[in-house]
Amino acid sequence: SATSSTNTTRPHPASGDSPAATGDVFAGLNPSQHQAVLHADGPLLILAGAGSGKTRVITHRIAHLIGTHGVAPWQILALTFTNKAAEEMRRRVEKLLGASSQEIWVSTFHAACARLLRRDIEHLGRHTRNFVILDTADQSALIKECLRELNISPDRYAPQAIAGRISRLKNQLITAEQFARGGGQNFGLEEAVRRVYQLYHKKLIELNALDFDDLLMQTGQLFEEVPEVLSYYQQKFRYMLVDEYQDTNHAQ
């Protein structure tokens, strides 16, 4: 895997590769970027600041893997955090590779997880493949509905605060059931969150709906609980390149 940019840690250049052998793949790269693009198999972590060529390294590395190492486009997964960044990466890869780039998974974390869940979520036994994805407004409305049913005052415990706490729990891969079993405070905001989270989770299942945090969380659950699905994607994706991930987000 490669995580952004120009200064490499433990690079392992592939023997026999050179700019001449790979055409335009190395055009415009500085020596550190060149070294990162040459890295073949195994983990690679690259650290660099804004505007230093992170996306360039990843896109040129993809072109090098396909053009020199014979990796099939569909064996590459390239992830980034925002839709804008994913579109930019997709555009650059297409410029380097042409039509073959269409087979590469280039997307945000959430879009990749949604695509994966459309295929395999039914293995978890809670949702069907035609699940809906709630936006922020839908999520807020459902949280408020839970507060009403539980007779919890939204003036005392703001729906935004409860939604934010549930989001943080999901980003830590803590389910409603696990949080309920965890004990802790049985009063105040934490108790309100505990009650709302359980009902909110139940309603999401009844609605065949996921929120944005569920996309990552349930993909993680799918890999943990259904080994054959994990094995399928381990075999499918030989290379995963990650740009701009949030290292404070455990689910990512």
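The values are calculated or read from the model by the stated rules, or taken from the named source; none is laboratory data. All figures in this text were calculated on a predicted structure; none of them were measured in a lab. Note that each Cβ is placed from the backbone with ideal geometry, even for glycine, and that neighbours are counted across all protein chains shown. In case anyone asks, the SASA skips ligands and DNA or RNA and just uses the protein heavy atoms, side chains included. Shrake-Rupley method; radii C 1.70, N 1.55, O 1.52, S 1.80 Å.
A quick yes/no check of all residues on (1) closer than 22 Å to VAL229 by Cα; (2) more than 24 Å from the chain's Cα centre (by Cα); (3) among the β-branched types (Val, Ile, Thr):
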position: LEU79; (1), (2), (3): yes, no, no
position: SER100; (1), (2), (3): no, no, no
position: ILE104; (1), (2), (3): yes, no, yes
position: HIS110; (1), (2), (3): yes, no, no
position: CYS113; (1), (2), (3): yes, no, no
position: GLU122; (1), (2), (3): yes, no, no
position: THR136; (1), (2), (3): no, no, yes
position: PRO154; (1), (2), (3): no, yes, no
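Selection over the range 225-252 of residues that are farther than 29 Å from ILE66 by Cβ and either open to solvent by less than 20 Å² (accessible area, probe 1.4 Å) or touching a residue at least 60 places away in the same chain (Cβ under 8 Å) (or both) gives a count of 5.
Considering LEU204, LEU216, LEU222, LEU199, the condition of being in contact (Cβ under 8 Å) with a residue 40 or more places away in the chain, hydrophobic (A, V, I, L, M, F, W, C) and touching a strand residue (DSSP E or B) at 6+ places or on another chain (Cβ under 8 Å) is satisfied by LEU204 alone. Just a yes or no: is a residue in the range 36-45 in contact with a helix residue (DSSP H, G or I) (Cβ under 8 Å, 6 or more places away or on another chain), of a type in the set (A, V, I, L, M, F, W, C), at pLDDT 90 or above and closer than 12 Å to VAL93 by Cα? Checked the range 36-45: no residue is in contact with a helix residue (DSSP H, G or I) (Cβ under 8 Å, 6 or more places away or on another chain), of a type in the set (A, V, I, L, M, F, W, C), at pLDDT 90 or above and closer than 12 Å to VAL93 by Cα. Of the residues screened, THR219 is not one that is within 30 Å of ILE104 (Cβ to Cβ) and either in contact with an Asp or Glu (Cβ under 7 Å, 6 or more places away or on another chain) or open to solvent by 60 Å² or more (accessible area, probe 1.4 Å) (or both). Remark: pairs (first residue in the range 73-95, farther than 8 Å from VAL106 by Cα; second residue open to solvent by 60 Å² or more (accessible area, probe 1.4 Å) and of a type outside the set (D, E, K, R); Cβ separation under 6 Å; 6+ apart in sequence or on different chains) are absent.
Screening ALA163 with (1) closer than 22 Å to GLN221 by Cβ; (2) touching a residue at least 40 places away in the same chain (Cβ under 8 Å) gives one miss only, at (2).
Of the helices (runs of 4 or more DSSP H) lying entirely inside the range 112-209, those carrying at least 3 residues that are over 27 Å from VAL242 (Cα atoms) and open to solvent by 60 Å² or more (accessible area, probe 1.4 Å) are 136-149, 176-181, 188-206.
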